[in-house]
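J.: Shown below is the structure under consideration.
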Amino acid sequence: MTTATPIFFGPADRPLFGWVHQPEGRMSRGTAVLCPPLHREYISAHYSLRVLAEQLAERDITAIRFDYAGTGDSAGSGADPGHMEASEASIDHALRLAEDLGTTELVLVGMRMGALLAARAAARSPRVSALVLWDPCASGREFVREQIALFRLTYGKAKTVHDGTEVAGFVLTAETVEHLGTLVAPDANPTVERALLLTRPDRSRAGSFGVEESRVEDAVAEGQAELMDIEPFLSTLPASIGTIAGWLERVLPHERRAQKAPDGRDEVVLEGAPGAPVTERLVHIGADRLFGVVTTGAADPVGPWIVFLTSGNESHVGPNRMWVDLARRWAGLGLPCLRLDLSGMGDSPPRPGRPGHVERAPEAFQDVQDAVEQLARGAAAPPQVAPVVLVGLCSGAYQALDSAIDLRTQGAIAINPVLRFPPPEAGAGRVDPRRTLCRPIDESLRSAYRRLPNWKLVHLARQAYIAVGRLQARQKTAVRSLREMSAHGTDVLCICGRLEADALFEGSNVPTQPRVELAPRAHVEVIEGLDHGLIPEHHRRQVADLMTRHLVSHYGGEQGPGPFVAEAPADLVP
């Protein structure tokens, strides 16, 4: 049976996060270090890289996945000085981790900008014998220009609250843009004995990246458009995964050698808010070992657990890394946080007998229940109230609200909740009875969305949700459910754009206003023009500030003790 081990590794003061996937018995033919794309493209590629790593381990090839410095769960931020230098150094640290396992054959696999960075790393490391370049960027300058153009095509000239250059979901400092502009392929990669170059059918071949042409095999990057050119929640696994796994199985030596278990850490101290160090632990939840990251402050906690849920097909780092930033900020205010991957999503395994990577799967109810019950064991909470605040965006916002109804959590924060969707279990003829807020729509609508150009998709999808919802309105409105949650002691905050607010208030007589008080413990903040996925940076800041003020006012934060203290339960272990 293969093993997958999450670890912190690299510099003690700026640790990197990664996963080590090893074959059965840790008998390996070699190790592949997977270099992810940058920024929004990494969100789309995350699950595909996980699947590739799992397939390699099944073929007796160890795989290492990791987050560059200042990205994902690694320490730091993209605004740090020397960010791109640290990103390139991250690959070197991952290669050293591979060598420490006892690896004899080292391979670098990179996608998009990760391919360019991998080629440059191979030129620095004489140990790398093979290179896989998956839809590579020819240069950093080309990548930046493309990302800026795509962002401005969709959002126009964004309202700036920063000094950097904005791309989809991320802000690049002037230093980072300048450094990216200097990144080109190395002149030579003399130690690379063989390379696989996968090129999209609609793009020109990017060159050999310093590898002698006679050593380069060409292949088609199949399915790359369906992975990269659409919204992440609609992306599909590309056929290139099998191409890469098969190529590495063919070119690596057949001899298997014993490797060691990875020597990493499962707990590190990082900088949260300025001057507020936080501790992060890698944990597993429940019998099915859902993956999560716990963040706690240096001082004793003063309020409930904050549990961040995955949205769409994203991982526990949240939309554009928002959950990581907020967890480290809030933990410094005395609010312990858990970033949780729902089963089959992000880095969590699927439930036994269930498929993975299914958005809004019914087993998410059990996932949240397992997390809430495990966290509640260490808290002195009032009777009948689970000491947890559930936080989510889009599908995660729906799950936060519907799970809060069932579990009677202390609170729920829902950003742009979408309540109208085709439940995946409906194909079997029955909608899960735990779905209180869900307003089912036909799956054929979702299939139609996949065939639309990206710029039309979001607008038409939201209009369809609202139109179909008005035809299928039920007697029990979402507003009534939120009021009932308030009456049962759950603090509810919904933050919505106008379209999402109109859908939330559907069937009620509540007018859409900037702030709507539904009940003493339930209110809705309506932000005109709020992007559904919080792609523009000023939208993320606005929403983050609203949530922070809500939590501090309700549970104390830096202003003093909240209604009860949440402590880490003894069974919340790595």
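J.: Please determine whether any residue of segment 167-177 is of a type in the set (Phe, Trp, Tyr), closer than 22 Å to Ser77 by Cβ and either touching a residue at least 60 places away in the same chain (Cβ under 8 Å) or not assigned by TED's automatic domain parsing to the domain that holds Met84 (or both). Explain how you work it out, then say what you get.
T.: At the first step, the residues of segment 167-177 found to be of a type in the set (Phe, Trp, Tyr) are 170.
From what's left, closer than 22 Å to Ser77 by Cβ: 170.
Those still in the list that are either touching a residue at least 60 places away in the same chain (Cβ under 8 Å) or not assigned by TED's automatic domain parsing to the domain that holds Met84 (or both) too: 170.
Among the residues of segment 167-177, at least one is of a type in the set (Phe, Trp, Tyr), closer than 22 Å to Ser77 by Cβ and either touching a residue at least 60 places away in the same chain (Cβ under 8 Å) or not assigned by TED's automatic domain parsing to the domain that holds Met84 (or both), which makes the answer yes.
J.: Please go through segment 482-496 and pick out each residue that is over 21 Å from Pro304 (Cβ atoms) and surrounded by fewer than 19 Cβ atoms within 10 Å (Cβ to Cβ). Lay out the reasoning, then the answer.
T.: Within segment 482-496, the first condition is being over 21 Å from Pro304 (Cβ atoms), and the residues that meet it are 483, 496.
Hit for segment 482-496 is Arg483, nothing else.
J.: Got at least one residue in segment 158-165 being free of Cβ contacts under 8 Å to residues at least 24 places away in the same chain, part of a helix (DSSP H, G or I) and either under 30 Å from Gln542 (Cβ atoms) or not assigned by TED's automatic domain parsing to the domain that holds Tyr47 (or both)?
T.: Checked segment 158-165: no residue is free of Cβ contacts under 8 Å to residues at least 24 places away in the same chain, part of a helix (DSSP H, G or I) and either under 30 Å from Gln542 (Cβ atoms) or not assigned by TED's automatic domain parsing to the domain that holds Tyr47 (or both).
J.: Test Ile91 against the criterion of being in contact with a strand residue (DSSP E or B) (Cβ under 7 Å, 6 or more places away or on another chain), without any contact (Cβ under 8 Å) to a residue 60 or more places away in the chain and assigned by TED's automatic domain parsing to the domain that holds His46, and give yes or no.
T.: Judged against the criteria, Ile91 is a match.
J.: Tell me, which residue of segment 242-269 that is among the aliphatic types (A, V, I, L, M) and under 15 Å from Val107 (Cβ atoms) is surrounded by the most Cβ atoms within 10 Å (Cβ to Cβ)?
T.: Leu248
J.: Further question: Six or more apart or on different chains, Cβ atoms under 9 Å: show the pairs whose first residue is in segment 181-200 and within 17 Å of Arg112 (Cβ to Cβ) and whose second is part of a strand (DSSP E or B) and charged (D, E, K, R).
T.: Ala195/Glu217; Leu196/Glu217; Leu196/Asp218; Leu197/Glu217; Leu197/Asp218; Leu198/Asp218; Thr199/Asp218
J.: Criterion first (touching a residue at least 24 places away in the same chain (Cβ under 8 Å) and part of a helix (DSSP H, G or I)) does Ile43 satisfy it?
T.: Details: touching a residue at least 24 places away in the same chain (Cβ under 8 Å): yes; part of a helix (DSSP H, G or I): yes.
Taking the combined requirement at face value, the residue satisfies it.
J.: I'd like to verify a number: residues in segment 169-180 that are assigned to a strand (DSSP E or B) and either within 15 Å of Leu117 (Cβ to Cβ) or in contact with a Lys or Arg (Cβ under 9 Å, 6 or more places away or on another chain) (or both), how many?
T.: 1
This table checks each residue for (1) surrounded by fewer than 24 Cβ atoms within 10 Å (Cβ to Cβ); (2) farther than 26 Å from Leu326 by Cα.
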residue	(1), (2)
Thr3	yes, yes
Asp13	yes, no
Leu16	no, no
Thr31	no, yes
His39	yes, no
Ala45	no, no
Leu52	no, yes
Asp60	yes, yes
Ile64	no, yes
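J.: For segment 302-318, state whether one or more residues are assigned by TED's automatic domain parsing to the domain that holds Asp406, hydrophobic (A, V, I, L, M, F, W, C), under 30 Å from Ala98 (Cα atoms) and surrounded by 20 or more Cβ atoms within 10 Å (Cβ to Cβ).
T.: Yes: segment 302-318 contains one or more residues that are assigned by TED's automatic domain parsing to the domain that holds Asp406, hydrophobic (A, V, I, L, M, F, W, C), under 30 Å from Ala98 (Cα atoms) and surrounded by 20 or more Cβ atoms within 10 Å (Cβ to Cβ).
J.: Could I ask something else about it? Looking at this structure, is Gly303 on the phi > 0 side of the Ramachandran plot and either modelled with pLDDT under 95 or in a loop (DSSP other than H, G, I, E, B) (or both)? It would help to see each step written out before you state the result.
T.: Numbers: on the phi > 0 side of the Ramachandran plot: no; either modelled with pLDDT under 95 or in a loop (DSSP other than H, G, I, E, B) (or both): yes.
When the stated conditions are applied, Gly303 does not pass them.
J.: State whether one or more residues within segment 534-545 are in a helix (DSSP H, G or I), modelled with pLDDT under 55 and within 30 Å of Ala79 (Cα to Cα).
T.: Narrowing segment 534-545 to residues in a helix (DSSP H, G or I): 537-545.
Right, trim to modelled with pLDDT under 55 and you get none.
No, every residue in segment 534-545 fails to be in a helix (DSSP H, G or I), modelled with pLDDT under 55 and within 30 Å of Ala79 (Cα to Cα).
J.: Among the residues of segment 186-209, which ones are modelled with pLDDT of 95 or more and closer than 23 Å to Val167 by Cα?
T.: Arg200
J.: Taking segment 427-437 as the search range and keeping residues that are within 15 Å of Glu363 (Cβ to Cβ) and among the hydrophobic types (A, V, I, L, M, F, W, C), which one is modelled with the highest pLDDT?
T.: So, considering only residues that are within 15 Å of Glu363 (Cβ to Cβ) and among the hydrophobic types (A, V, I, L, M, F, W, C), the one modelled with the highest pLDDT is Val431.
The values are calculated or read from the model by the stated rules, or taken from the named source; none is laboratory data. No experiment lies behind these values; they were computed from the predicted model shown. Don't worry about glycine lacking a Cβ; one is built from the backbone with ideal geometry, like all the others, and counts go over all protein chains shown.
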